[in-house]
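Peer 1: Provided herewith is a single structure, encoded as structure tokens, for subsequent inquiry.
The values are calculated or read from the model by the stated rules, or taken from the named source; none is laboratory data. Just so it is clear, the model here is predicted, and its values are computed rather than measured. Glycine also receives a Cβ, built like all others from the backbone with ideal geometry; neighbour counts cover every protein chain displayed.
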Amino acid sequence: MEPYLEIQRATKSFPTRHGPYVAVKDVSLDVARGEIVSLIGHSGCGKSTILNMVAGLERPSDGGLWLGGREIEGPGPDRGVVFQNYSLLPWLTVWDSIFEAVDSAVVGLSKADKRDRTERFLHMVGLWDHRFKRPAQISGGMKQRVAVARAFSVHPEVLLLDEPFGALDALTRASLQDELVNLWTLDNSTETVLLVTHDMDEAILLSDRIAVMTRGPAATIGEVIDVPLARPRDRQSILTDSTYREVRERLWYLLTVVYATADVTREAV
């Protein structure tokens, strides 16, 4: 398929007292429209740095990134971001958090249509009964549901997820993974997802392909693994699927053997 998101030899370095620190180097990845692609790797391998460059929050030191044939030069409403820390304003209610996103990012809709969209996404993530509560009054899982609904509500062309479920308990995480897939299926405007995760099972369950990062510094994508599991996926049934086991074994081998230690030939200078 023709790439929609293109990352071509992207390098990102940061200044330090001891000279430049190269976080990622020569990262290349093509993502087709409609794909869910995960970035997985050890802590500090630059997964979030890549996501921030796609979001336009960071500019590459070298190389480039393109979306729909246009170079990414900054943030835009065509990309929605969900962070691990919820990023909710404490004075806004659940309703207001979503409505304000829709109101500021979506043009051409009347106030009534924006309220309808806010209501629709609140129902989709099961938060309608909690719409007048503020962040301090809801659980961590609910806060993350707000963040996911807010991102989807602006109908971004690309959804960027930075370990959005990493701080949650296993049951809440599983529930939100299912919620994410349901929203991705139902919301026809949001077709492409780039997910940062450290969880192999999450990556296999959600992804069409998994990009495995080498160890940092100067980390890059070491291998891209296809996940040829049919959709919709049931988390119980795929556990006994031979394809699931093969993908997981390959991921385990890459993360615990091949990229278990840093490649000293790629150290930052």
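Peer 1: Any residue in region 62-71 that is of a type in the set (Phe, Trp, Tyr) and outside any strand (DSSP E or B)? Talk me through it step by step, then tell me what you get.
Peer 2: Of all residues in region 62-71, those of a type in the set (Phe, Trp, Tyr) come to 66.
Still in the list and also outside any strand (DSSP E or B): none.
The answer is no, given that none of the residues of region 62-71 is of a type in the set (Phe, Trp, Tyr) and outside any strand (DSSP E or B).
Peer 1: For region 203-237, give me each residue that is outside any strand (DSSP E or B), closer than 29 Å to Asn182 by Cβ and among the basic types (Lys, Arg).
Peer 2: Narrowing region 203-237 to residues outside any strand (DSSP E or B): 203-208, 214-218, 220, 227-237.
Cutting the leftovers down to closer than 29 Å to Asn182 by Cβ gives us 203-208, 227-237.
Within region 203-237, Arg231, Arg233, Arg235 qualify.
Peer 1: Can you tell me which of Ala105, Ala167, Ala149 is buried (at least 22 other Cβ atoms within 10 Å of the Cβ) and at pLDDT below 90? Break it down into steps so the answer makes sense when it comes.
Peer 2: Working: Ala105 fails: buried (at least 22 other Cβ atoms within 10 Å of the Cβ); Ala167 fails: buried (at least 22 other Cβ atoms within 10 Å of the Cβ).
Only one candidate passes the filter, namely Ala149.
Peer 1: Quick one: which residue in Leu229, Leu255 is free of Cβ contacts under 8 Å to residues at least 40 places away in the same chain and surrounded by 13 or more Cβ atoms within 10 Å (Cβ to Cβ)? Explain how you work it out, then say what you get.
Peer 2: On the way: Leu255 fails: free of Cβ contacts under 8 Å to residues at least 40 places away in the same chain.
So the residue among Leu229, Leu255 that is free of Cβ contacts under 8 Å to residues at least 40 places away in the same chain and surrounded by 13 or more Cβ atoms within 10 Å (Cβ to Cβ) is Leu229.
Peer 1: While we're looking at this one, here's another question. How many of the residues in region 114-137 are outside any helix (DSSP H, G or I) and either crowded, with 17+ Cβ neighbours inside 10 Å or in contact with a Ser or Thr (Cβ under 8 Å, 6 or more places away or on another chain) (or both)? Can you show your working first?
Peer 2: From region 114-137, those outside any helix (DSSP H, G or I) are 125-127, 131-134; that's our starting set.
Cutting the leftovers down to either crowded, with 17+ Cβ neighbours inside 10 Å or in contact with a Ser or Thr (Cβ under 8 Å, 6 or more places away or on another chain) (or both) gives us 125, 127, 131-134.
Qualifying residue count for the region: 6.
Peer 1: For region 1-33, what are the residues that are exposed (fewer than 14 other Cβ atoms within 10 Å of the Cβ), β-branched (Val, Ile, Thr) and under 21 Å from Glu71 (Cα atoms)?
Peer 2: Within region 1-33, none qualify.
Peer 1: Could you tell me which numbered condition Ala147 fails, if it satisfies all but one of (1) in contact with a Phe, Trp or Tyr (Cβ under 8 Å, 6 or more places away or on another chain); (2) farther than 30 Å from Glu6 by Cα?
Peer 2: Result: Ala147 fails condition (2) only.
Peer 1: A further question on this structure: Restricting attention to region 230-264, report how many residues are of a type in the set (S, T, N, Q), modelled with pLDDT of 90 or more and under 30 Å from Pro217 (Cα atoms).
Peer 2: Of all residues in region 230-264, those of a type in the set (S, T, N, Q) come to 236-237, 240, 242-243, 256, 261.
When the remaining residues are screened for being modelled with pLDDT of 90 or more, the result is 242-243, 256.
Next, from what is left, pick out any that are under 30 Å from Pro217 (Cα atoms): 256.
Qualifying residue count for the region: 1.
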